[in-house]
Structures are given as C-alpha cells and as structure tokens.
Amino acid sequence: MGASRLRAKAHLLLLRMYRRLPRSSRLFIVHRMSPSFTVGAICVVERADGALLLVRHSYRQRWGFPGGLASRGEEVADAAIREANEEVGLAVELVGEPAVVIDPGPRRVDVVYQARVDGDGAAATPCSPEIVEVGWFPREELPELQHEAASALVALARARDHPAGRPGRSATAKTD
C-alpha cells in the first residue's frame, strides 16, 4: 500500500472518529487549532440548467456545498476555487461579488461565492476522503441542507436583491 493511500485511509479514519464526537468537542478542536474566528470559503456551483452541486461530508448527515477553511494569508476566492477542485475535481469560475455570513456561536465567517462550471458537470466526483457523495439538484428539489449551506443560499439571495453599498474589496483570511 502506497504512502498516499495509507494517509488517505488514516484521514478517513480520523474523520469518522471526529464525526462521532459531540458538536461541542468538534468546535473545541477547531478553536484550539485556530483560536480566533475561522474563515471559510463556500462555493455554490450552478450548472447552465440551474441545478446546484451539493456534497455530503463523511462527518455530516445533511448536504452542503464544496468549501472549507482558507489558509492563513490565502485569498478567500482562491480557497473557494481550491476547495471545489480538491473536493469534487471541478475547475470552477467564480461569478459576481461574494456574500458574507458571520456565525458568532461557532466563531465562523463564511465567504460565499456563486460559481459556474463548463458543460454539464458530469466530472464532479468525490475526490477527498471527507466527501462521500456528490449530486446535482434543481433549486426547487434540494435535499435537507447543512445550516451553513442554507445560510449561504440566503446570503447570496440577499446580495442579489440588495447589491448597492456592497464593498468590492477582496477578502483575505486573517487569523490571530
């Protein structure tokens, strides 16, 4: 067994153990590793027919969008593109200005990007041990969503409805 395959199996085992921890313990671990607010990038990928790409993480039961934490100093837009590629193997193009969701309880800031993919997105497949399932869903037939995914859709809708006064500056992950 190659080293990368062994690392992938170990990663999957750790994710399964992480999933079984109570939510408070998972938040404790994340906050100990990153003591200030975490900055995440969420990539809402839409096909030409309007269907949205959703993923199911190994440590969550509900569906979400590709995304994850930005690295220290990484442009959040770059993190969104990187996460979509790492999790589902797609090269995406970000469109429009991002929306921001601040969740003070878990000390999380998510920068939400609308993205598109060329073609039908048939190449989307789980490419990370943390992704167990990938699917395209019409907006009117979405499965049960993770809290962060539902908040991302609301934030994007609000940003579309009220574009005036939104800053056009780039977002960079900054942590203490």
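The values are calculated or read from the model by the stated rules, or taken from the named source; none is laboratory data. Small disclaimer: the values here were computed from a predicted structure and weren't measured. Neighbour counts run over all protein chains shown; Cβ positions are idealised from the backbone, glycine included.
Scanning the range 106-114 turns up no residue that is in a loop (DSSP other than H, G, I, E, B) and farther than 25 Å from H11 by Cα. Restricting attention to the range 131-143, the residues being surrounded by fewer than 19 Cβ atoms within 10 Å (Cβ to Cβ) and in contact (Cβ under 8 Å) with a residue 60 or more places away in the chain number 9. Exactly one residue out of L12, L21, L52 is surrounded by 12 or more Cβ atoms within 10 Å (Cβ to Cβ) and closer than 24 Å to P104 by Cα: that is L21. Taking the residues in the range 69-86 that are within 15 Å of Q114 (Cα to Cα) and of a type in the set (G, A, S) as candidates, determine which candidate is farthest from the chain's Cα centre (by Cα). The extreme case among them is A77.
Residues of the range 88-113 that are of a type in the set (D, E) and touching a His at 6+ places or on another chain (Cβ under 9 Å): D103 alone. Restricting to the range 28-42, count the residues that are more than 17 Å from the chain's Cα centre (by Cα), surrounded by 11 or more Cβ atoms within 10 Å (Cβ to Cβ) and of a type in the set (A, V, I, L, M). Of the residues in that region, 1 qualify.
The rows are residues; the columns are (1) farther than 15 Å from L52 by Cα; (2) polar (S, T, N, Q); (3) within 15 Å of the chain's Cα centre (by Cα); (4) at pLDDT 90 or above.
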{"position": "A115", "(1), (2), (3), (4)": "no, no, yes, yes"}
{"position": "D120", "(1), (2), (3), (4)": "no, no, no, no"}
{"position": "C127", "(1), (2), (3), (4)": "yes, no, yes, yes"}
{"position": "F137", "(1), (2), (3), (4)": "no, no, no, yes"}
{"position": "A152", "(1), (2), (3), (4)": "no, no, yes, yes"}
{"position": "R158", "(1), (2), (3), (4)": "yes, no, no, yes"}
{"position": "G165", "(1), (2), (3), (4)": "yes, no, no, no"}
{"position": "G168", "(1), (2), (3), (4)": "yes, no, no, no"}
{"position": "A171", "(1), (2), (3), (4)": "yes, no, no, no"}
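For the criterion of being touching a strand residue (DSSP E or B) at 6+ places or on another chain (Cβ under 9 Å), among the basic types (K, R) and in contact (Cβ under 8 Å) with a residue 60 or more places away in the chain, R108 passes.
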